[in-house]
Amino acid sequence: MKRVIDVLIYVGGILLVAAIFGYVQNADLIAQLKIIKLTEWFALMALLFLYLTLLISPLYESTLQLPGREIFLHSRKALGITALMFACLHAYYAFFYSLQGFSGLSYLPVNYRAVLGLGFASLIILFLVAIVSLGPVKRYIGNNWKVLQKFTYIAGVFILIHSALIGSHFVNLNRAIPQLYFFAVFLLLFLETIRIREWLLTRRVKFSYIIWLLLLAVLLSAYYYLAFSHAHESFHVH
Ligand code: HEM
């Protein structure tokens, strides 16, 4: 069953790539706009698969009764590799076509280059984590691979910043994609707070529930501020 799910994820990913190419090629757009659309679609798919990879552990650890635990925990590797595939396609089109490669970099402001640097760093992290998840490498480095896998969270944080600061879908934060994005991040962090609460309880830390409630209050305030307060329309750098 685990193998079937892996195959479904990989085949699904490849079919999605083909569907995106087909859709964009047939769209009535000039060549430059087609490149922009491909860059955006691959970026959003990379974000989606990376999110699913990161969601599975906190989801299963906070809701123990959910079915399919073994299978979905196992599927994280296939989801992560699919995220890497989309990230490579996105980075390729963004760097070599939208930004005109190395020669184009020199015309960009320092802030923008720093945000691209975060994208590049997360691409390297995803690549290294994918290598570490291969059977022979895993056996060679022993239990350290579990620690190295946690670096995916760092890649996730970098991508949050990267996309919010330069993504064309994040120019206006009140639109559907940024709102969905805030909610998805809130959900992930909410599940993480449950994991932290359970960890505190197993260590018999005093006031575990109060600490949890405080964390929840901070999280809810941040979510409200970002999604509903309309304090800012955009975080974009230029
Ligand atoms: C060398 C590596 C990378 C480069 C040069 C790069 C470049 C870019 C550029 C130029 C944009 C703005 C495009 C636009 O929205 O019009 C962008 C947006 C974005 N990038 Fe990257 N990126 C890189 C790595 C990554 C990685 C590894 C991921 C995800 C795993 C990622 C996810 C995103 C997302 C989600 C957006 C927002 C897309 C949108 O709003 O439509 N990027 N990137």
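A straight line joining the Cα centroids of segment 38-65 and segment 4-20 runs 15 Å. The residues packed around Ile211, meaning those with a beta-carbon under 15 Å from its beta-carbon, carry a net charge of +3 if Lys and Arg are +1 and Asp and Glu are -1. In the calculated pair distance distribution of segment 76-136, what percentage of Cα-Cα distances lie above 20 Å? In whole percent, the share of Cα-Cα pairs in segment 76-136 beyond 20 Å is 34. Peptide packing for 100-110, 86-96, 196-206 was compared via the average number of neighbouring C-beta atoms within 10 Å per residue; ordered from the highest value, the list is 86-96, 196-206, 100-110. Full extension of the chain between Ala19 and Val237 gives 75.3 nm of extra length, using 0.36 nm per residue less the Cα-Cα distance.
Gain on full extension, evaluated as 0.36 nm per residue between Ser98 and Ala114 minus their Cα-Cα distance, stands at 4.1 nm. Which whole number in µm²/s is D for segment 108-238 by Stokes-Einstein, with the Kirkwood Rh taken over Cα pairs at 10 °C and 1.306 mPa s? Estimated via Stokes-Einstein, D reaches 92 µm²/s. Relative to the longest principal axis of the Cα atoms of the chain, the long axis of helix 176-202 makes an angle of roughly 30 degrees.
Within the chain, the percentage of alpha carbon pairs spaced more than 29 angstrom apart rounds to 36%. Pairs of alpha-carbon atoms within less than 8 angstrom and 6+ residues apart define the contacts here; what relative contact order does segment 83-238 have, in percent? Once divided by the residue count of segment 83-238, the mean separation gives 25 percent.
Maximal additional length on extending the Arg69-Val7 stretch stands at 20.5 nm, based on 0.36 nm per residue less the C-alpha distance. Determine the distance separating the Cα centre of segment 117-169 from the Cα centre of segment 185-238; give it in Å without decimals. Result: 23 Å between the Cα centres. Charged neighbours of Arg76, selected by a Cβ distance under 13 Å, balance to +2 (K, R count +1; D, E count -1).
The calculated FRET efficiency for the pair Ala176 and Tyr225, based on their C-beta separation and a Förster distance of 22 Å, comes to about 0.70.
Its Cα gyration tensor gives segment 2-47 an equivalent ellipsoid, and the semi-axes of that ellipsoid, as √(5λ) in whole Å with the largest first, are 26, 11, 5.
Bear in mind these aren't lab numbers, they're just calculated from the coordinates by the rules spelled out. The model shown is predicted, which means the values in this text are computed figures rather than measured ones. When we count neighbours, we look across all protein chains shown, and the Cβ atoms used for this are built from the backbone with ideal geometry, even at glycine.
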